[in-house]
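Each reported figure results from applying straightforward, stated rules to the coordinates on display, with no laboratory input. Because the structure is predicted, anything quoted here is derived from the model rather than measured. Every residue, glycine among them, receives a Cβ derived from its backbone with ideal geometry; neighbour counts consider all protein chains shown.
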Amino acid sequence: MRIFLAFAIAASFACAQTATPPQLTPEQRGDLFMARKMYRNAIDAYRPAAGNSAVLWNKVGIAYHQLGDLGAAKKSYEHALKLNRKYADAMNNLGTVFYARRKFGTAIGRYTKALALAPDSASIWSNLGTAYYARGKFEQMTKAYSRALQLDPDIFEERGMVGTRMLDRSVADRARYHYELARMYAIAGKNELALEYVRKALEEGFKDRDKLRKAKEFAALRETAEFKDLMALEPRVL
């Protein structure tokens, strides 16, 4: 009996070992290549199967975007939108192309259209805020960022891409950018993160300490030992 049982188990294991693994779809293969940052391979997997799929054309666009081929990315996003005019992800991603080309007003327009389709997307609100920042519209930036933070408390700790939506974090003046993030976190009552971004702003060379000492948003922080230490130190500029 024991011999038969051992043989049965061994036979079952052998069958499991020789079983044909499930075949991946072209989209699944493309997703796997994207996860491995093999963007050319991802394009080769997605494109033959893209057909009339707005989702796959959007993914083709993201792969080109990651390669820095903004022209091909733009065409792919636009093709996705031709197939589905209400596809918020593709509209958002098209906005990131215009942002990368420093056409900030056009990017804001695309993000606004994307939000009309997906009003509760933290990543799109974040992109809108970044575009406002690039145009020096700091109050509009704060409103957009605050909405993004309400929808996703971790949105500003994420990088690059959220699912099928591109997330832009590239800015010119990082010192001022970190100051604005500190201000936003202070308004939201997230004091630890506010202090972290105050430190980052100073490390990036933010020089207007009077703003930190006088801005009403930092009133609750100014009495903390951590804030006083930051004001007393001369941080090493990165």
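For region 174-232, with only Lys/Arg (+1) and Asp/Glu (-1) charged at the beta-carbon, what is the dipole magnitude about the Cα centre, in debye rounded to 20?
So the magnitude is around 240 debye.
Suppose a student asked you for the relative contact order of region 174-232, using Cα pairs under 8 Å spaced at least 6 residues apart; what percent would you report?
This gives 36 percent for region 174-232.
Hey, got the dipole for region 109-208? About the Cα centre, +1 on K and R Cβ, -1 on D and E Cβ, debye to the nearest 20?
For region 109-208, the charge dipole is close to 380 debye.
Along Cα→Cβ, 7 Å out, is where each label goes; now give me the distance between the ones at Met231 and Ile187 in nm to one decimal.
Here the modelled spin labels are 2.2 nm apart.
Hey, fewest Cβ within 10 Å first, where do Ile155, Ile187, Ile43 land in order?
Ordered by Cβ neighbours within 10 Å, fewest first: Ile187, Ile155, Ile43.
Which whole-number percent is the relative contact order of the chain (Cα, under 8 Å, 6+ apart)?
10 percent
Report the paramagnetic label zone for Asp31: residues of region 76-95 whose backbone N is under 18 Å from a point 7 Å from Cα along the Cα-to-Cβ axis.
Output list for this probe position: 89-90.
Non-local amide H neighbours of Arg165 (under 5 Å, H modeled in plane, Pro and chain starts lacking H): which ones?
For Arg165, no residues qualify.
Which order results if Met231, Met34 are arranged by neighbouring Cβ count within 10 Å, fewest first?
Met231, Met34
Using a 10 Å cut-off around each Cβ, can you sort Asp69, Asp120, Asp168 from fewest to most neighbouring Cβ atoms?
Asp120, Asp69, Asp168
Give the residue list of trypsin sites (Lys or Arg not before Pro) in region 92-139 that are DSSP loop and have at most 11 other beta-carbon atoms within 10 angstrom.
Hits after loop and neighbour filter: Arg102.
Determine the dipole magnitude for the chain: charges of +1 sit on the beta-carbon of Lys and Arg, -1 on that of Asp and Glu, nothing else is charged, the reference point is the Cα centre, and the result goes in debye to the nearest 20.
Result for the chain is approximately 760 debye, rounded to the nearest 20.
Among Lys216, Lys143, Lys74, determine the one that fluctuates most according to a GNM of the chain built with springs between C-alpha atoms less than 10 Å apart.
Result: Lys216 has the largest fluctuation of those listed.
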